[in-house]
Each structure stands twice: as structure tokens, then as C-alpha cells.
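The values are calculated or read from the model by the stated rules, or taken from the named source; none is laboratory data. The model shown is predicted, which means the values in this text are computed figures rather than measured ones. Here the Cβ positions follow ideal geometry from the backbone for every residue, glycine too, while neighbour counts run over all protein chains shown.
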Amino acid sequence: MTPSASDLLAEAVRAFQARDRDYAAGLLARLNAEDAALGDDWGAVARLAATLGEVSVALAAIRRYVALKPYDVERRLEYGALLAQCGRIEGAAKATRAFLPNAPADPRLYLLLGTCQAQLGQTEAALADLRAVLALDPQPALAGAAWLAIADLKRFT
């Protein structure tokens, strides 16, 4: 009997819990290669693959996850964060910037964009997006993160 995609994912999680990294990574790569019908579970595949350091599988999985609901802000934030986590800062900034016209004004998107631009050395653009976070009257944690990033970028004399 051939295991289902869900069974393979569950087996990959068990392998990860048993600290069998190579087996877990192999199962995730198999799910990716087979373009398994996992639906929303592609998000879990992306997170597990990133944890294992399987960047190509993680990025393919997160793209599938986002494609299921392309206008979902949470999924776009996960996508941008995963790109940044995997060292694709420029890609994270580009993907987030491209999504802004299709999204409600969300300070988290501007915070992600601003921090990516700061890492890329685009100080003025970063400051503009970090100020946009504050203009949207965010929750205190987001406001604090934006102020901290602004303080890190500015020179106070």
C-alpha cells in the first residue's frame, strides 16, 4: 500500500522528532518532487524544511502554500519572513512590495519591508516604510519594533 501525502508528512515529523534529519529531509523532498496534494499542510512542510536547512524545498513549499490563498496577508507575511530567514532579503522585500497594492494597510507588511530594506542598506526607503508602520497606529509591540529599527538607522547628535 502506498502511503498518502499526509502519511509521509506525519512520518517526516516523526523522523524529525527522532532526530533523523536526513530521513525527514528525504521525505519532504519526495513530497515536493511529487507535488503532493497537501493543501494547507504545505505551510508545515515549508517550516519543517526551513528548520532542517532544506532551503529549496522550503521555498517551493511556501510558494505552494501562498498560491492556495494568494491575497491572504498572513500567508504573505510567512512567505516574506521565510525568504528573509533563508537569506533571500532582496526577494522578501520585492515580494512584500509587490503585494502592498493588493493588501489592506497592515503595519506588519511595512515592518517586514522596512527591516528588509534596512538590511539591504536602503536607509531612506527603510525609514519611510518604518514611519508608515507608525502612521498605521499599530499594536505596541509593532510600534516598539519600528521605533527600535528607526533608532538603529538614525544618527542622533
Flagged pairs (Cβ under 6 angstrom, 6 or more apart or on separate chains; first in segment 137-157, assigned to a loop (DSSP other than H, G, I, E, B); second exposed (fewer than 10 other Cβ atoms within 10 Å of the Cβ) and at pLDDT below 95) are none
Under 30 Å from residue 116 (Cβ atoms), in a helix (DSSP H, G or I) and among the charged types (D, E, K, R), is that true of residue 14? no
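Residue-wise test of (1) among the β-branched types (Val, Ile, Thr); (2) modelled with pLDDT under 95; (3) exposed (fewer than 15 other Cβ atoms within 10 Å of the Cβ).
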| site | (1), (2), (3) |
| --- | --- |
| 82 | no, no, no |
| 91 | no, no, no |
| 100 | no, yes, no |
| 109 | no, no, no |
| 117 | no, no, no |
| 122 | no, no, no |
| 131 | no, no, yes |
| 135 | no, no, yes |
Collect the residues in segment 113-157 that are over 20 Å from residue 76 (Cα atoms) and of a type in the set (D, E, K, R), keeping them in residue-number order. 124, 131, 137, 152, 154, 155
Residue 11 fails exactly one of (1) over 13 Å from the mean Cα position of the chain (by Cα); (2) closer than 30 Å to residue 127 by Cβ, namely (2)
Going through segment 71-80 one residue at a time, which ones are surrounded by fewer than 24 Cβ atoms within 10 Å (Cβ to Cβ), touching a residue at least 24 places away in the same chain (Cβ under 8 Å) and of a type outside the set (A, V, I, L, M)? 71, 75, 78
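Yes/no per residue for (1) in a helix (DSSP H, G or I); (2) farther than 20 Å from residue 5 by Cα; (3) not aromatic (Phe, Trp, Tyr):
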| residue | (1), (2), (3) |
| --- | --- |
| 31 | yes, no, yes |
| 36 | no, no, yes |
| 44 | yes, no, yes |
| 58 | yes, no, yes |
| 63 | yes, no, yes |
| 67 | yes, no, yes |
| 78 | yes, yes, yes |
| 81 | yes, yes, yes |
| 97 | yes, yes, yes |
Of the criteria (1) more than 22 Å from residue 9 (Cβ to Cβ); (2) acidic (Asp, Glu); (3) under 17 Å from the mean Cα position of the chain (by Cα), which one residue 124 fails: (3)
